[in-house]
Amino acid sequence: MKLGLLRDKCRKKPMEGVKVNLARTTRRFSAHTIDEYEYIELPRSFEMNAGCARVSAQHTKFPEGFIFGVATAAHQIEGAWNVSGKGENVWDRFTHTQPEMVADLTNGDVAVDSYNRYLEDVEALEYLGVDFYRLSLSWARILPNGRIDEINPDGLRYYHALLDALAEKNIKPLVTLFHWDLPQKLQDLGGWANPELVDYFYDYSDLCFREFGDKIKSWITFNEPYEICEDAYGDILKAPGLNSHGVGNYLCSNTLLKAHAEAYHLYDQIYRPKQGGNIMISINSIWYEPSDPNNEEQVTLAETANQFKFGWFAHPIFTEEGGYPAQMVENVARQSEMEGLARSRLQQFNDYWIQRIKGTSDYLGINHYTTFLVTGPGVDPTAKSPSWLKDIGAVTTMEVGGDSASTWLRVYPSGFANLLRWCKRNYNDPIIFITENGFSDRGTLEDYGRISYYNDYLSEILNVIYNDDVNVIGYTAWTLMDNFEWRAGFSERFGFYYVNITDPNLPRTPKLSVEYFKQLIANRELPQDDRFKEPSLKAREDLHVDFDRVLNELSKPNARELARLGNHACPLRTLKFRSVNFGPFSLPLPQDASIRFNLGPGSQLQILSVTFERLRGAIFRSAATYLPLFKHIRQ
Ligand code: BGC
């Protein structure tokens, strides 16, 4: 069955006259009906089976020249933590001295042993057919104590060997200089809170450009400065976990942005003329949206939150004005004053540094995974005092979108499109390179959740490219294979390849998403094959949902609830249904039943669970699992 419906809100096109095929009926939506469903935003055609509807993409083909790759990071895959002259880094120290900080007590000592198995990994990359491979260099493998005065020849040898293996397969390297693994010796000096790190990073970058610049034409200075400064200096979420909230995080950003700028200028002036490559920074986003888009206060607060999260590092580099976002500087100053401090915890850069940092990235590198909602003004219940989170002055929630294996990762594809459009507006239409995007599960080989995530997020990228002229030129999936997922250890799996870490050979087994991504790259088009759809979403002759009925029921709750549904595109909501008909079963639901579902564009209309008061706590997660229950009830 196919349903094509309603309005494309992004393009403000009416949905009038769109054809809707239900199982046995075909119905045309009139303008009148459209008004009725004004807030139910299901802009594309989708298939509906057994309680689930899956949006099929509006655009499927990628523009000419668009490139695809996958990413990894040294500490998450290499292992060999103390061999051949490698120095200790902050993650080695953190996991060795506080092993309980990692969910499953694993660490990066062996990780997935890519130091020894890199040729196997290059074969996997070749199989996928990627245009490029994003990897990171381990600073402590190259410079064991972080300083240029001692270079580890084996570190250089290892990366040369890896780069040569990639070149042989015609896979371009995209290389990150710093992906969170600071040499411990530099941490002992204060790490990124110490302004001297600008010079240490300069020396390290200089060596890398000189040594590898003939083989590497695309560089990333820092991966996710927010996570480095906030999670590792302002909190305990990442190593070294200083927990200097509201202070260390801002000292870190001062140093990091200067270090980034100096490395950029070095490359730009000395190496680019000879080597002809490009260099950027990768900024992570949690995109914030107002919980109620009609609530002005929430809209303003969501904007503040985005300036605090993304703007913290993007504003100094990508705006005309430069420097930290004014709103951020103002908020921290106000909070600091209230705390009785003599000076603000966040100082704006002086003119020299504002100019020096501005414009120092060839592309806007974006890592994106998820969206959170802003529910109102105040102090987030999880905020420490003082802290970056408290400085925002908004209460946030993760109650949005679908699940993954990571609590922080909510599946909400339209948030990605909103972020990309926001970047276009705020940063003068930059060239955007997606440097990470991906989904976690617990490690299944039939990883339909991952495929659906990629499909829906990529579909949003296509939407903004074609509908909004957002200039996105490349996409990097996180990640090649399951790896040491920082404090989650191996309990959360993001890989295309499954790695069995209980087997000493650490075999890499392709998941279904390998085939999906391979086909995507080969055809430069979102695969539409049935084999990539979760079985419960595949066409089933014997079952169907009476979607008319569902829509009717949806139109009954109060308008406010509908407005929230529509504008949030893909929220998780629980609504009470009096009945839902499942084709042959056509069952009235008992009074006490409620249905939880995903609704919205870029994702799925999917009934996630049916809950009965009488069976409180019994949640049935998929169509496949709740259908038998219906039978049971009928009896
Ligand atoms: C990081 C990766 C990490 C991934 C999933 C990104 O923030 O760059 O290192 O594994 O998210 O958590």
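The values are calculated or read from the model by the stated rules, or taken from the named source; none is laboratory data. Quick caveat: nothing in here was measured; it's all calculated off a predicted structure. Positions of Cβ are backbone-derived with ideal geometry, glycine not excepted, and every protein chain shown enters the neighbour counts. To get the accessible areas, we keep the full protein, side chains included, count just its heavy atoms, and leave off ligands, DNA and RNA. Shrake-Rupley method; radii C 1.70, N 1.55, O 1.52, S 1.80 Å.
Looking at the range 495-509, which of the residues that are out of contact with any helix residue (DSSP H, G or I) (no Cβ under 8 Å at 6 or more places or on another chain) and in contact (Cβ under 8 Å) with a residue 24 or more places away in the chain is farthest from the ligand (Cβ to nearest atom)?
Taking the candidates together, the pick is Thr509.
Would you point out which residue out of Asn437, Asn455 is at pLDDT 95 or above and not small (Gly, Ala, Ser)?
On inspection, the qualifying residue turns out to be Asn437.
Scan the range 504-531 for residues that are under 21 Å from the mean Cα position of the chain (by Cα) and among the hydrophobic types (A, V, I, L, M, F, W, C) and jot them down.
Once the filter is applied, which keeps residues that are under 21 Å from the mean Cα position of the chain (by Cα) and among the hydrophobic types (A, V, I, L, M, F, W, C), the range 504-531 yields Leu512, Val514, Phe517, Leu520, Ile521, Leu526.
Restricting attention to the range 252-277, which residues are among the polar types (S, T, N, Q) and either open to solvent by 30 Å² or more (accessible area, probe 1.4 Å) or within 22 Å of the chain's Cα centre (by Cα) (or both)?
Ser253, Asn254, Gln269
Just to check your reading of the model, which residue among Leu458, Leu445 is more than 16 Å from the ligand (Cβ to nearest atom), under 30 Å from Asn500 (Cα atoms), touching a Lys or Arg at 6+ places or on another chain (Cβ under 6 Å) and of a type in the set (A, V, I, L, M, F, W, C)?
The unique qualifying residue is Leu445.
Looking only at the range 212-225, filter to residues that are more than 28 Å from the chain's Cα centre (by Cα) and open to solvent by 70 Å² or more (accessible area, probe 1.4 Å); which one of those is farthest from the ligand (Cβ to nearest atom)?
Among those that are more than 28 Å from the chain's Cα centre (by Cα) and open to solvent by 70 Å² or more (accessible area, probe 1.4 Å), it is Asp214.
Exactly one of these conditions fails for Arg410: (1) within 16 Å of the ligand (Cβ to nearest atom); (2) in contact with an Asp or Glu (Cβ under 7 Å, 6 or more places away or on another chain); (3) free of Cβ contacts under 8 Å to residues at least 60 places away in the same chain. Give me its number.
(2)
With respect to Met280, determine if the residue is open to solvent by less than 10 Å² (accessible area, probe 1.4 Å) and either over 25 Å from His179 (Cβ atoms) or touching a residue at least 60 places away in the same chain (Cβ under 8 Å) (or both).
Criteria met by Met280.
Considering only the range 383-406, state which residues are open to solvent by 20 Å² or more (accessible area, probe 1.4 Å), away from the ligand (no atom under 16 Å from the Cβ) and either part of a loop (DSSP other than H, G, I, E, B) or not hydrophobic (A, V, I, L, M, F, W, C) (or both).
Ala383, Lys384, Ser385, Pro386, Lys390, Gly393, Thr396, Thr397, Glu399
Please verify whether Arg487 is more than 16 Å from the ligand (Cβ to nearest atom), among the basic types (Lys, Arg) and either over 21 Å from Asn367 (Cα atoms) or out of contact with any strand residue (DSSP E or B) (no Cβ under 6 Å at 6 or more places or on another chain) (or both), treating the condition exactly as stated.
Criteria not met by Arg487.
When you go through Arg141, Arg134 one by one, which is the residue that is assigned to a strand (DSSP E or B), among the basic types (Lys, Arg) and under 21 Å from Trp219 (Cα atoms)?
Only one candidate passes the filter, namely Arg134.
So, Tyr516, is that one of a type in the set (Ser, Thr, Tyr), part of a helix (DSSP H, G or I), touching a Pro at 6+ places or on another chain (Cβ under 8 Å) and modelled with pLDDT of 95 or more or not?
yes
Which of the residues that make up the range 359-377 are more than 26 Å from Asn223 (Cβ to Cβ) and open to solvent by 30 Å² or more (accessible area, probe 1.4 Å)?
Matches in the range 359-377: Thr375, Pro377.
Looking at the range 195-211, which of its residues are open to solvent by 30 Å² or more (accessible area, probe 1.4 Å) and either outside any helix (DSSP H, G or I) or under 24 Å from Leu163 (Cβ atoms) (or both)?
Pro195, Glu196, Tyr200, Tyr202, Asp203, Asp206, Arg210, Glu211
Among the aliphatic types (A, V, I, L, M), touching a helix residue (DSSP H, G or I) at 6+ places or on another chain (Cβ under 6 Å) and surrounded by fewer than 19 Cβ atoms within 10 Å (Cβ to Cβ): which single residue out of Leu128, Leu105 fits that description?
Leu105
Go through the range 467-477 and give me each residue that's open to solvent by less than 10 Å² (accessible area, probe 1.4 Å) and in contact with an Asp or Glu (Cβ under 7 Å, 6 or more places away or on another chain).
Result: Thr476, single match.
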